[in-house]
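To start, the structure itself, in structure tokens.
The values are calculated or read from the model by the stated rules, or taken from the named source; none is laboratory data. The structure presented is a predicted model; accordingly, all values stated were derived computationally and were not measured. FYI the Cβ positions are ideal-geometry reconstructions off the backbone, even for glycines, and counts take in every protein chain you see. The protein model used for the area step is the full one, side chains on, heavy atoms only, and it has no ligands, DNA or RNA in it. Shrake-Rupley method; radii C 1.70, N 1.55, O 1.52, S 1.80 Å.
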Amino acid sequence: MGKGTGGDSAVRLVQLYPDLLGTYGDGGNATVLAKRLAWRGIPHELVTVESGAPTPEQGDLYLLGGGEDGPQVEAARELAERGALHRAVERGAVVFAVCAGMQILGHQFPDAAGQPRPGLALLDIQTVRLQRPRAVGELLVQPDPCWGLPELTGFENHGGRTRLGPAARPLGRVEVGEGNGWGEEGAVSGRVVGTYLHGPALARNPALADLLLGWVAGELAPLDDREVEMLREQRIRAARQRELQPRRSWKDLIRRG
């Protein structure tokens, strides 16, 4: 078994600001990681950090979820002022961030008025607000082959669109849904991973959970994920079937009552 990057044998998971970045149930990602470590008998600790509290710098894997515009700005401000997450990443920690969490890890993101706000620059991305409909619905992603992952499934709900810089690569290409807005989904820089996948993402995609855990704990024993695979197959079929249906505008839906 590998050791946590904090220097001891227990893997330390740190869930950041669920009071600000917990709108879409992304806190479930921390639960999934903790369970998959426990099922393998790997010692671990799950630390939950509310806004205003000190962030531990010796974590191995940090998690951020989705949130609304105001809390997103507050979370970015606190993380920038404290600097603990930057120091953890410099030490080699893994970060997994979803939606608003991903956006604040970039160079800039829009606030509620669409004005740019500074991010943490841990991902080489920029998020902007365009004159496009909000991206809402099932999201199906073909991962970049370098990750060795099966299809990724989840749902999205965001108004921003994200462009990658040269120091980031996409998590994958969009098959169904919007993703970043230009055919790509998510962003990866080193061990910092961002995505628009809710669901929670790691409940729907255990292989992605194990990829993150493997970066921290080393080679992992396999688990029986047959029940999860049945759910994944169902959601993947549903996403593809929905994509084949004619798209209707909000006016059409209103007229139909």
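Under the definition of Cα pairs under 8 Å and six or more residues apart, what whole-number percent is the relative contact order of the range 1-112?
Working: 196 pairs, mean separation 35.8, N = 112.
Normalised by residue count, the contact order of the range 1-112 is 32 percent.
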Whole-percent pair-distance distribution, where bins are 5 Å wide, for the alpha carbons of the range 20-127 = 2, 12, 22, 25, 20, 11, 5, 2, 1, 0
note = Per GNM of the chain with C-alpha springs under 10 angstrom, the most fluctuating residue out of Pro170, Pro110, Pro133 is Pro133
inquiry  = For the chain, compute the orientation-averaged projected area of the C-alpha convex hull (one quarter of its surface), in nm².
reply    = 13.9 nm²
task = May I ask which residue of Pro56, Ala167, Asn157 lies farthest towards the positive end of the charge dipole of the range 51-173, with charges of +1 (Lys, Arg) and -1 (Asp, Glu) on Cβ and the Cα centre as origin?
result = Ala167
task = Work out from phi, with θ = phi - 60° and the Karplus expression 6.51 cos²θ - 1.76 cosθ + 1.60, the ³J(HN,Hα) of each residue of the range 230-236, listed in order in whole Hz, and give x for Gly and Pro.
result = 5, 5, 4, 4, 5, 5, 5
ask   = Over the chain, what relative contact order in percent results from Cα pairs under 8 Å that are six or more residues apart?
value = 19 percent
query = Over its Cα atoms, what ratio of radius of gyration to 2.2 N^0.38 Å does the range 83-206 give?
reply = 0.99
request  = Go through the range 42-54 residue by residue and turn each phi into a ³J(HN,Hα) via Karplus (6.51, -1.76, 1.60, θ = phi - 60°); whole Hz please, and just put x for glycine and proline.
outcome  = 8, x, 7, 9, 10, 10, 9, 10, 7, 4, x, 8, x
task = For Trp147 and Asp111, compute 0.36 nm times the residue count separating them, minus their Cα-Cα distance, and round to one decimal in nm.
result = 9.8 nm
message = Students often get this wrong: which residues of the range 117-161 have the backbone nitrogen under 12 Å from the point 7 angstrom along Cα-to-C-beta of Arg240?
response = 151
query = Just the accessible area for Asp111, please: 1.4 Å probe, Å², rounded to the nearest 10?
reply = 20 Å²
